[in-house]
1. For A:Glu58, all conditions in the list (1) modelled with pLDDT of 90 or more; (2) more than 10 Å from chain B (Cβ to nearest Cβ); (3) within 12 Å of the chain's Cα centre (by Cα) hold save one; what is the number of the exception?
2. With (1) in a helix (DSSP H, G or I); (2) over 28 Å from B:Asp120 (Cα atoms); (3) among the aliphatic types (A, V, I, L, M) as the list, and A:Leu70 as the residue in question, which single condition is left unmet?
3. Answer yes or no: is there a residue in segment A:73-90 that is closer than 24 Å to B:Ala99 by Cβ, within 9 Å of chain B (Cβ to nearest Cβ) and either without any contact (Cβ under 8 Å) to a residue 60 or more places away in the chain or touching an Asp or Glu at 6+ places or on another chain (Cβ under 6 Å) (or both).
4. Looking at segment A:92-102, can you tell me whether even one residue there is within 25 Å of B:Ala100 (Cβ to Cβ), within 13 Å of another protein chain (Cβ to nearest Cβ), in contact with an Asp or Glu (Cβ under 8 Å, 6 or more places away or on another chain) and charged (D, E, K, R)?
5. Identify the residue in segment B:157-170 that is out of contact with any Ser or Thr (no Cβ under 8 Å at 6 or more places or on another chain), buried (at least 21 other Cβ atoms within 10 Å of the Cβ) and of a type in the set (A, V, I, L, M) and, among all such residues, is nearest to B:Glu205 (Cα to Cα).
6. I need a count of the residues in segment B:66-100 that are touching a helix residue (DSSP H, G or I) at 6+ places or on another chain (Cβ under 8 Å), more than 9 Å from chain A (Cβ to nearest Cβ) and within 19 Å of A:Thr46 (Cβ to Cβ).
7. Scan segment B:80-97 for residues that are assigned to a loop (DSSP other than H, G, I, E, B) and in contact with a Leu (Cβ under 8 Å, 6 or more places away or on another chain) and jot them down.
8. Which of the residues spanning segment A:15-64 are closer than 19 Å to A:Ile104 by Cβ and either among the β-branched types (Val, Ile, Thr) or surrounded by fewer than 10 Cβ atoms within 10 Å (Cβ to Cβ) (or both)?
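The values are calculated or read from the model by the stated rules, or taken from the named source; none is laboratory data. Every value quoted in this text rests on a predicted model; they were computed, and no experiment measured them. Using ideal geometry, Cβ is built from the backbone for each residue, glycine included, and neighbour counts are taken over all protein chains shown.
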Amino acid sequence: MRAVGVNETAARYCGAAVDRMKVLVYTLSGGAAGLAACLFIARRNTAKADVGAGIELEVITACVLGGVSLSGGRGGMAGVMAAVVLLHEVRQFAAWRWQNEVVILFVLGGLLAVSVMASNFFRRRG
Amino acid sequence: MKRINRRAFAAGVVAVVVGLAGGCDTKAPTKGAKPSPPGGAVSGDVGGATAKKVRVAMLPKKKGVPYFTSCAKGAEEAAKELGVELVYDGPTDGSPEKAASMIERWTAQGFDVIAVSPNDPAVLAPAMKAARAKGVHVITWDADGEADSREFMVNQATSNDIGFALVDTMVKDLGGKEKAGGDVAIVTASLTAANQNEWMGFMKERLKEYPGLKLVEVKPSNEDQRVAFQATKDLMGAYPNLKGVWGISSVSFPAAAEAVKQAGKAGQVFVTGLSTPNDMKPAVKEGTVASVILWNTVDLGYLTIQAANAVARGELKAGATAIKAGRLGEKKVEGDKVMLGDILVFTKENIDGFDF
């Protein structure tokens, strides 16, 4: 999976089953979305098609903060899970301190910007 | 080199977050806290009810809608008067799921009262019940929630009065009982909102007395002006015999009037409904709309906080028939509904006298 993410063409020439890998990844992603939907319905007593709109900000923040590279090829579950917990803590703190949904959004967006900048910084130095 | 720096950065972020989290007090923010009121212990958990500040969280269906903002104004007035700590916050997109998360958060933060205007009673009920289970008082205002999810509801006027007034006003606009005939339609808020649904129930009942009017469709607008505008356009297109449109949400009414005006049908298709006078002043002045129905929203917000304070202090309990509501005097309590009182009708003659 990582090889395909880093350089798809090189992976293909190395003999990796690139297309199969991509189908697998997207299938897993869809499956995860379905599982998340079931958990959401159990929690919130409702099912709407557009309820997840806007949640990408938090998801991408969690991934980048957890070490997943935006250009592909790097990342792992442990980092992302830790980042999810961290993000939850930041959100709870921001909610308590400012009591305003718009400010919370601003804080999470700021965290995303910081994570992306940090990941770029470390990539260049490494 | 890269590895060490990465770890150091991650450790730094975690340290900052833990440090900030460690500094928080679950009862009240310690940073920038106002000086305690004279003779009161703000941070004490054990203290007489009269000494501790009552903390109320107020949740509108959708934050940013002028109707709710005017309620918030009244609420802040009451909060200042009573020395209540008020947090007014809500989802800017009206999403009941986000509202449910906010209620859960406030429960964890130890608020005394949560006042909710539910956009979807079924979605909010679990969070509201969980809050009640933790000892938080929950009341509803403007729109009702499920019966066992709240102690009281602060109601603007009886749904009966509102529904009947809406139909009677439309009939008057259409020329009276004899002349009124044709298709009529309703543009509501969201299809799950309890208040609009109750009003529509009474509207349908009242419409039975005017057999010349046929209710052809009910369209939702989800408190979105663009959706309401489009819905009205669609209605005018689909029903050539359309004579009247009700916009029964403060957002759908001005949008419906604008749609009728832009279609050049002002005077052929009559629009009436519920909205704030400020939002409807242009349409009323131009003549697109003859009457606007509402109630004093500032007073509704004011009464909500008065009721919240009374519930928190144990002054408002089941079986009460009235509460003292500050500058509003004594307000009737009918069952579990705290009644604000009468509806207001705004027309060209009196609309300038109101500013909300």
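1. If we test A:Glu58 against (1) modelled with pLDDT of 90 or more; (2) more than 10 Å from chain B (Cβ to nearest Cβ); (3) within 12 Å of the chain's Cα centre (by Cα), just (1) comes out false.
2. Against the list (1) in a helix (DSSP H, G or I); (2) over 28 Å from B:Asp120 (Cα atoms); (3) among the aliphatic types (A, V, I, L, M), A:Leu70 comes up short only on (1).
3. yes
4. Taking every residue of segment A:92-102 in turn, at least one turns out to be within 25 Å of B:Ala100 (Cβ to Cβ), within 13 Å of another protein chain (Cβ to nearest Cβ), in contact with an Asp or Glu (Cβ under 8 Å, 6 or more places away or on another chain) and charged (D, E, K, R).
5. B:Val167
6. 1
7. B:Asp89, B:Gly90
8. Once the filter is applied, which keeps residues that are closer than 19 Å to A:Ile104 by Cβ and either among the β-branched types (Val, Ile, Thr) or surrounded by fewer than 10 Cβ atoms within 10 Å (Cβ to Cβ) (or both), segment A:15-64 yields A:Val51, A:Ile55, A:Glu56, A:Val59, A:Ile60, A:Thr61, A:Val64.
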